[in-house]
Structure formats: structure tokens, C-alpha cells
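Contents: one structure, followed by commentary.
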Amino acid sequence: MTGDEAGALDPEELDYLQARLVEQMETAGCMPLDVAHGFLTAAAGGCGDQDQPLLDRVLGRLAAEEKLRRLLVRFRNQLLDDLLSGEYGPLILQMPRDDGSTLPLPYGWCQGYVAGIDYLGEEQRDFLISDEQAGSLLAPVLSFLMYEQDQWFDPPNEEAHRETAGQLGEAAVGLFRWWQGRGTS
């Protein structure tokens with residue numbers, strides 16, 4: 001690992017990466033950071049060291065921008081370290097509420113996670129889905145993809161919504177370890 005690939009991103013670097021990805025989503029086909037985080041998390045367990053195609057998928061037509069690539073490598077390395085240590089937390093957007101609280105908006109991360117599973121290929125996806133333990137761990141991720149768009153900012157059961165959002169990190173670590181136990185990465 002070179003010096004450019006070491007260390008967690010500082011807040012300014014994260015802001016730069018997120019802003020650049022969001023501003024170019026439509027024209028460059030790249031992923032916003034929450035979606036990329038879910039995508040890279042899912043792919044981490046099942047595809048081993050395929051950095052180049054993963055990064056290209058996240059960056060879209062921005063893949064040739066070396067600064068973005070270096071930042072994304074560090075972002076992915078931190079994500080992998082967090083998964084390995086069990087100290088992982090999904091990157092979930094938060095919506096401020098009138099009462100001063102925030103509502104977790106895990107939809108982008110969950111969409112990215114499912115895209116990461118699809119990226120692994122049909123055989124790996126079917127293998128994951130057919131396993132009872134993995135399916136159970138995947139349930140919180142999939143539950144957020146069942147929301148209707150008008151429920152995103154007003155979930156039908158806010159307490160269950162918050163509880164399930166709180167389970168996503170543990171589920172991601174469990175699924176990563178499930179993949180590791182199968183020797184697929």
C-alpha cells in the first residue's frame with residue numbers, strides 16, 4: 001500500500017468525494033457515496049481483490065480521474081478494515097426532523113448493497129440467497145427496498161424503521177464473515 005492508499009479519509013476528503021460523485025451522477029454514471037458504500041460492502045465478501053472493476057463501476061466515466069480513484073481506494077480500504085474488525089457502520093444519510101431528531105434514510109446504501117450482490121454474478125447471488133443464514137442476515141437490507149417511494153420520508157412504523165436501520169451494520173459484518181467462511185473471496 002502506498003502513502004496515497006493509506007489512512008481513512010478526513011471529512012474534507014469525504015465531502016470532496018461525495019460532492020464530485022453527486023455532481024457527476026447523471027453525466028458520468030457514477031454512484032453517490034452512500035450507494036457506493038453499500039456496493040463495495042456487498043462486493044467485499046464475494047469477489048476478492050478485484051479493485052479495478054469495482055472502482056470503475058463506482059466511478060463510471062470518472063474512472064480516469066486519478067484523485068477520485070485514490071480517494072475511493074482509501075475509502076474502500078477503510079471499509080474493508082472496518083468489516084474485518086467488526087467495527088463497521090453503513091454510510092446512511094440522515095434527514096433532520098422538526099423535533100430535532102433525525103430519520104435514517106438507508107435506501108441508497110441498501111440499493112448499493114443489492115447492486116453489489118448482483119455484481120458478484122448470478123451464481124454467487126443465488127448461492128447467497130439460497131443459504132438460510134445468509135438470507136436471514138440479508139433480510140434487513142431487503143426490507144428497505146420494499147418501501148413505496150412515498151414512505152421513504154414517512155415510514156409506516158418509525159420505531160421498526162429505526163430498529164432495522166440499526167441492524168444493517170451487524171448484518172453487513174455477518175454477511176462478510178459468511179462469505180469469508182466459504183472461502184469465496
- Task: Using only the alpha carbons of the range 113-185, determine the length spanned along each of the three principal axes and report them from longest to shortest in whole angstroms.
- Result: 40, 21, 17
- Message: Just want the ordering: M31, M95, M146, from fewest to most Cβ atoms lying within 10 Å of their own Cβ.
- Response: M146, M95, M31
- Item | Under 5 Å, built H, 5+ apart or other chain: amide partners of L105 | L93, Q94, M95
- What ³J(HN,Hα) values, in whole Hz, does the Karplus curve 6.51 cos²θ - 1.76 cosθ + 1.60 give for the range 98-109 when θ = phi - 60°, with x put for Gly and Pro? 4, 7, x, 7, 10, 10, x, 10, x, 4, x, 4
- Message: Test of understanding: in a Gaussian network model of the chain with alpha carbons linked when under 10 Å, which of Q78, Q24, Q149 would top the mean-square fluctuation ranking?
- Response: Q149
- Item | Magnitude of the charge dipole, the range 74-185, Cβ model with Lys/Arg +1 and Asp/Glu -1, debye to 20 | 480
- Query: Does the range 67-107 classify as rounded, prolate or oblate by the C-alpha gyration tensor (a ≥ b ≥ c root eigenvalues; a/c under 1.5 gives rounded; else a/b over b/c gives prolate, otherwise oblate)?
  - Reply: oblate
- Query: Where Lys and Arg each count +1 and Asp and Glu each count -1, what net charge lies around V22 among other residues with Cβ under 12 Å from its Cβ?
  - Reply: -3
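Mind ranking 51-59, 68-76 by how tightly packed they are, going by the mean number of other C-beta atoms within 10 angstrom, highest first?
The packing order, highest mean first, is 68-76, 51-59.
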- Query: What shape does the range 26-131 have by the C-alpha gyration tensor, where a ≥ b ≥ c are the square roots of the eigenvalues, rounded means a/c under 1.5, and otherwise prolate means a/b greater than b/c and oblate the rest?
  - Reply: oblate
- Note on the structure: Most packed first (mean Cβ within 10 Å per residue), the peptides 97-105, 173-181, 109-117 order as 109-117, 173-181, 97-105
- Task: Grab the other residues whose beta carbon is less than 15 angstrom from that of P140, score K and R as +1, D and E as -1, and report the net.
- Result: -2
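Taken together, the values in this text are just the output of simple stated rules run on the coordinates, not laboratory data. These numbers come from a predicted model, not from an experiment. All Cβ positions, even for glycine, are placed from backbone atoms using ideal geometry, and neighbour counts span all protein chains on display.
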